[in-house]
1. If I filter region B:146-158 for residues that are of a type in the set (Ser, Thr, Tyr) and not in a loop (DSSP other than H, G, I, E, B), do I get at least one hit?
2. Would you check if A:ALA264 is more than 9 Å from chain B (Cβ to nearest Cβ) and under 21 Å from the mean Cα position of the chain (by Cα)?
3. Name the residue, out of A:GLY448, A:GLY490, A:GLY437, that is under 28 Å from B:ALA52 (Cβ atoms), surrounded by 18 or more Cβ atoms within 10 Å (Cβ to Cβ) and outside the structural domain of A:ARG357 (by TED's automatic domain parsing).
4. When you go through A:LEU177, A:LEU221, A:LEU120 one by one, which is the residue that is surrounded by 19 or more Cβ atoms within 10 Å (Cβ to Cβ) and touching a Leu at 6+ places or on another chain (Cβ under 9 Å)?
5. Quick check on region B:263-306: of everything there that is of a type outside the set (D, E, K, R) and part of a strand (DSSP E or B), which residue is farthest from A:GLN453 (Cα to Cα)?
6. Out of (1) in contact with a Lys or Arg (Cβ under 7 Å, 6 or more places away or on another chain); (2) not in a loop (DSSP other than H, G, I, E, B), what's the single condition that is false for B:MET321?
7. Which condition breaks for A:GLU269 when tested against (1) within 30 Å of A:PHE218 (Cβ to Cβ); (2) touching a helix residue (DSSP H, G or I) at 6+ places or on another chain (Cβ under 7 Å); (3) at the interface with chain B (Cβ under 9 Å from one of its Cβ atoms)?
8. For the structure I just gave you, tell me whether B:ALA166 is at pLDDT 90 or above, more than 8 Å from chain A (Cβ to nearest Cβ), surrounded by 23 or more Cβ atoms within 10 Å (Cβ to Cβ) and under 27 Å from A:VAL463 (Cα atoms).
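The values are calculated or read from the model by the stated rules, or taken from the named source; none is laboratory data. All values reported here derive from a predicted model rather than from experimental measurement. Heads up, the Cβs are rebuilt from the backbone with ideal geometry, glycines too, and the neighbour counts pull from every protein chain shown.
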Amino acid sequence: MRARAVGLGLITVAVVAGAACSNAPLSTQGPAPAFRAAAPEPPPAVRVTLPGSTLSEGQQITHTLNRLSYGPRPGDVERVRKMGLGQWIERQLEPGRIPDDRVEAALLAFPTLTMPVPDLVRAYPEPDQKVLATLRSGQMSQEEMRAMAPPEKRPFRIAAELQAAKLTRAVLSERQLEQLVTNFWFNHFNVDVRKGAVKWMVADYERTAIRPHALGKFRDLLLATARHPAMLFYLDNWMSTQADFVPVAGPAKGRKLGLNENYAREIMELHTLGVDGGYTQEDVIEVARAFTGWSIDRPREQGTFRFVRVAHDNGVKRILGHVLPANGGEQDGVKVIDILSGHPSTAKFIATKLARRFVSDEPPPALVERAARTFRDTDGDIRMVVVTIITSPEFLSSEAHRAKIKTPLEIVASSVRAVDGELQGPGAPGSQQPGGGLALAQQVNRLGEPLYQQQPPTGYPDVAEAWVNAGALLNRMNFALGLTANRVPGVRVDLSRAVGSADRRKPEQVLDALLRAVLQGQATSETRSVLAAQLDDPEITRATRDDRGPADTDVEKLAALVLGSPEFQRK
Amino acid sequence: MDCACTRGSFMKAGALALLGMGSVPRFLVRTAYAQGTAARPKILIAVFQRGAVDGLSMVVPHGDPSYYASRSSIAVARPTAGSAEATVDLDGFFGLHPAMVSLKPAWDDRHLAIVHACGSPDTTRSHFDAQDYMETGTPGVKSTQDGWLSRGLQAVRATPTSPFRAVAMGSQLPRALRGEVGAVAMGTVADFDVKQDMGRMGAGIVNARRGFESLYEQDVKDILHGTGRETFDAVKMLKSADPQRFAPENGALYPRGRLGESLKQIAQLIKADVGLEVAFADMGGWDTHAYQGNEKGQLALRLTEFSQSLAALYRDLGDRMADVVILTMSEFGRTVRENGNRGTDHGHATAMLVLGGPVKGGRMAGRWPGLAREQLYEGRDLAVTTDFRDLFAEVAVRHLGVTATSSLFPGFPMNPAKYPGVLV
């Protein structure tokens, strides 16, 4: 095992972590913090040993930061080099030990993130249907509407805060891996905020069902999502009952209800076994029967989990060769969770998706097999599966290097980080200042990944061909131009942070400084020469009025070209 | 699919035009439909209803007694003279959902044909597999990389004529259009450009576009560079053609919503004569597991938007519909019996619409398998009597003019005798 300098690690982490500053604009890097006096650090939970690699040290660090974080900020590569890449990874695998004060301070601006579902239902009610009808008929002005149902008290506020929080975390958090795997699992267990009562449940879903288990046990994650009202509502399980069930009370009183297959199918196809994982239509029906009664207590008033005993199908169920005896009650669903999370198809399916996320669109089968074995050997320990993948020779291989295309969320967050942009918080409730987080989320939406609003339960795809097309590339270029020209509201970009001490009268110097900051000096020679050729453009190199020579470089445009370059679309 | 390098020589034409310092790109001259020097191309507009539309509510088999027996709360009422809340009768046995009354004029004009009980022979009830199978045209085969529409265009003509030969409205290129024939995906026509702002010194047009174009013009063979080159050819062409100048005609009123927006812009591209041959649009919201409604309700709202969008396009294009076929599709249908929540679960066959000037319309095509229990697929779903590939093949062959049919649906024996007969 590698020797490691504990003291050095501590200091470096403190520097990387930054410090709380609640009112000042939030840069991706805080002011130099006071040294944190602390007890001696306990050893890391997981020791990481890196494999040999043909990549240079700089490439290894950049590649790892590109894959395990939302991209390096200026200076990050050097900081990780000092700390040691292995130690940086070990820290990221234990997010709870990384101080993240600035994010916590910034998230105070979004109160809905931590409110319980029943409180949200009451505090952010749906506008009265009659009010909406009157508005649509044109008999009420927008002003009157705003007075009757203020936008900051309407339910879409919850989704807006959640979107803003996602970007705030992606850009600012020191717990980069945690943010990224939380996003991964939300996408895996996708729900759409626009479906009915999900809007009041989605923040709680991410906070209590996804995030705490993102690097934990897969079974716990699966169970938490299965019992969460957001999932129960989104995939309709909350209303699925035993055949011909007739409630004696409630809104469906006296009406014949019955089975709904939606969740039963997707939990096997999308959450666990995979579509070729070996289940049949009979299994779908049996799983649906097992989950009958897993429901929600009044979705639009209370919105919490409730097992409705009378709706449950008490018969025997046969699922994938297992027999669930009669009268299993609420535990039937838990048994299904156990069967599915322990199934070898699940190990393979989850290993494949994680390897696709971290390594390449078509991950090497040998790596998938090793990751699946880790899944089986550790009882579905997600962190250990991730470790198997990111410490593999395949991860640090030249084939994987820059082999993936960034998703819209990744291109937006990594662009802001690359130029060390500052996020401004939202204005007071009711103000027209949405804040940098929400403005960036809207950019992500424009690029084709509306956050928390993916209608089909597959979530967003994780392969290049989904994100590369003519319109998408133009949108990415336009985002780069807008960002560097400070046209994204609530986001302040001071390019002197990226350009540093380069002499702006010497365009070549400025270009090289930008390539260092944004692409860690790893631009291809073709890209560098194409960009150098642009320096002859009088619009990039602004001539003085009497045309005697360059006076200033259009750093904004040049930076936009670098952010919009093919290399920066890759990770 | 990672190599876009073979995507066509119009990129070279674009590069030459660039050397000519921003004059009209050559392909624009070459495809001078506007001057009437070339025949207008045949155009196919494919509309995908993602999520599996309930074909039995969309095109109601009101003459089948099992229909009403299977659906106690969600069946659409039998046609009633003068009622706007009942099935719109078509032929005494089938009728349109009342929310789709806007398509009745096209039926009466004999420009709308319907293929019922159409679908895939594959047994999957997974939305995502079934959509892929329908778009690649290879049910049961997951390794197919390209889409049937791309292969169809390739078979019509291998030499590209316009960067807008194939266009998908939306933020992603659908699998149906992936492949050798370059296709453009765009959110909106208006956004399809590099937004150039004025420089700080106000010194004329700032050319960020040229910078990006040079970056993506490098001789590197990968998905980004191939797409990048196509993109800039398309941007330049669109600038000259200026499709946004075309307002909807003939009183066409597109409903609000993404599909209406998409079809409106497809109409603009057609009128601007940019060389469009295949357009693709899609609409979600069909996965009605709960409370889908009958004459009114959730599904009725979706059907209203769907059919009004199609009807607006039909009206807007007017005489141009002589060269246009609109083909709708969905990955599968839904259970015949309603489920425990007044909705329907994943089923098998559904209904597909074919709309346009060349359509042998005003008639139902295909064979009705019946809804009695013993007639159902796996005892629960509408059986498939028309393989979707026979319908798609008929459109590709008789409308787009595909002659080399073996590549269109690999492994599928093409047999014109099995075409549903929807085209003249």
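1. Yes, that holds for at least one residue.
2. no
3. Just one listed residue meets the conditions, A:GLY448.
4. One residue alone meets the criteria, A:LEU177.
5. B:VAL278
6. (1)
7. (2)
8. So B:ALA166 fits the description; yes.
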